[in-house]
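*Asks:* Can you keep this structure in mind? I'll have questions shortly.
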Amino acid sequence: MRLIKCYGEKLILKELKKSYEFFINEANTNKKSCSYGLIRDKTILADNISSIASVGYGLGALVIGVEHKWISYQKAYDRANRTLDTFINNVER
C-alpha cells in the first residue's frame with residue numbers, strides 16, 4: 001500500500017513541477033518589453049494571445065516555485081512585481 005502511495009506522490013510532484021515550468025517558460029521575461037510577465041494562452045484561435053487567466057496561473061506558479069525552492073523568493077517577487085507593473089501601465093481595460 002505504501003508503495004502505491006509513494007508512487008502517487010512522485011507522480012503528483014512531477015506533474016506539479018512540469019506545470020510550474022510551463023508557466024515559467026511561457027512568460028515574457030524581456031525586461032524591455034511592454035508586455036513583460038504576460039503568458040501566452042494556448043488557443044487555436046491565435047498564436048500570440050495572452051490572457052488574464054494564464055497570467056493568474058503564472059503568478060500562482062511563482063508561489064509554488066518558492067515553496068518548493070525551484071525559484072528564489074527574490075526572483076519570484078521581482079517577476080510578480082514587474083508583471084503587475086505591466087498590468088498597471090500597459091494593459092488596456
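*Asks:* Do we find a residue being in contact with a Leu (Cβ under 8 Å, 6 or more places away or on another chain), of a type in the set (A, V, I, L, M) and closer than 22 Å to Asn90 by Cα anywhere in the range 30-50?
*Replies:* So far as the range 30-50 goes, no, none of its residues is in contact with a Leu (Cβ under 8 Å, 6 or more places away or on another chain), of a type in the set (A, V, I, L, M) and closer than 22 Å to Asn90 by Cα.
*Asks:* Hey, another quick one. Can you tell me which residue is farthest from Leu84 (Cα to Cα) among those in the range 27-59 that are surrounded by 10 or more Cβ atoms within 10 Å (Cβ to Cβ) and modelled with pLDDT under 90?
*Replies:* Thr43
*Asks:* Which of the residues that make up the range 37-93 are of a type in the set (Lys, Arg) and in contact with a helix residue (DSSP H, G or I) (Cβ under 7 Å, 6 or more places away or on another chain)?
*Replies:* Arg40, Arg79
*Asks:* Looking at (1) without any contact (Cβ under 8 Å) to a residue 12 or more places away in the chain; (2) part of a loop (DSSP other than H, G, I, E, B); (3) over 15 Å from the mean Cα position of the chain (by Cα), can you tell me which one Cys34 breaks?
*Replies:* (1)
*Asks:* Okay, moving on. What's the total number of residues in the range 65-77 that are within 17 Å of Tyr20 (Cβ to Cβ) and in a helix (DSSP H, G or I)?
*Replies:* Selection size over the range 65-77: 7.
*Asks:* Out of (1) free of Cβ contacts under 8 Å to residues at least 12 places away in the same chain; (2) on the phi > 0 side of the Ramachandran plot; (3) among the small types (Gly, Ala, Ser), what's the single condition that is false for Ser72?
*Replies:* Looking at each condition in turn, Ser72 falls short on (2).
The values are calculated or read from the model by the stated rules, or taken from the named source; none is laboratory data. Predicted model only: the values in this text are computed from it and were never measured. Here Cβ is always computed from backbone atoms with ideal geometry, including for glycine, and neighbour counts include all displayed protein chains.
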